[in-house]
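A quick write-up on the structure given underneath.
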Amino acid sequence: MIYEIAVLPVHKEQIEAFRQAFAEVLPLLGRAEGYRGHVLAQGIEMPEIFNLIVRWRPLEDHTQGFEASEDHEMFMKGIQDYFSDELTVYHVEGTAFAATGHDDGDAAATWATPLNRGTCGSQRRKPPSISMT
């Protein structure tokens, strides 16, 4: 499995506008040949840094297919004004995340896939009750 990792530095005062703009151009990415899902993750220590991790079937579907397409040009035009610096993009190869047996049922990082087009994010859960006896 091929993962594209794009490090996206966003102007601090434009984080919410960036999220909205990303949601608007997302269908352009989602219809790309070889697209297998993505996660847009916001930094914790540095919330102005986002990591876009995209699963691709083969690398060429991203580098020769999507990057060379009009859809990619429109995708970038829709979000580039929110960047505070140059992007860093690289690719890694690996397998899907393995189950560890430590899953607590939290869906904090759900992959958006061609079958699951929702946005990634946390599900809200009721906090456990605490007994003070």
> Restricting to region 77-96, what's the tally of residues that are surrounded by 11 or more Cβ atoms within 10 Å (Cβ to Cβ) and of a type in the set (Asp, Glu)?
Replying inline: 2
> Counting only residues that are over 17 Å from Val54 (Cα atoms) and within 14 Å of the chain's Cα centre (by Cα), how many does region 11-23 have?
Replying inline: 3
> Looking only at region 60-80, which residues are charged (D, E, K, R) and over 16 Å from Ala6 (Cβ atoms)?
Replying inline: Glu60, Glu70
> Based on what the data block shows, is Pro47 of a type outside the set (D, E, K, R) and touching a residue at least 12 places away in the same chain (Cβ under 8 Å)?
Replying inline: yes
> Among the residues of region 51-76 satisfying the criterion of being open to solvent by less than 50 Å² (accessible area, probe 1.4 Å) and among the small types (Gly, Ala, Ser), which is modelled with the lowest pLDDT?
Replying inline: Gly65
>> Given the options Ala99, Ala32, Ala109, name the one that is surrounded by 11 or more Cβ atoms within 10 Å (Cβ to Cβ), at pLDDT below 95 and not in a helix (DSSP H, G or I).
In response: Ala109
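The values are calculated or read from the model by the stated rules, or taken from the named source; none is laboratory data. Note that the structure is predicted; figures quoted are calculated from it, not measured. Methodologically, a virtual Cβ is constructed for each residue, glycine included, from the backbone with ideal geometry; neighbour enumeration extends over all protein chains shown. Side chains included, ligands, DNA and RNA excluded: accessible areas come from the protein's heavy atoms. Shrake-Rupley method; radii C 1.70, N 1.55, O 1.52, S 1.80 Å.
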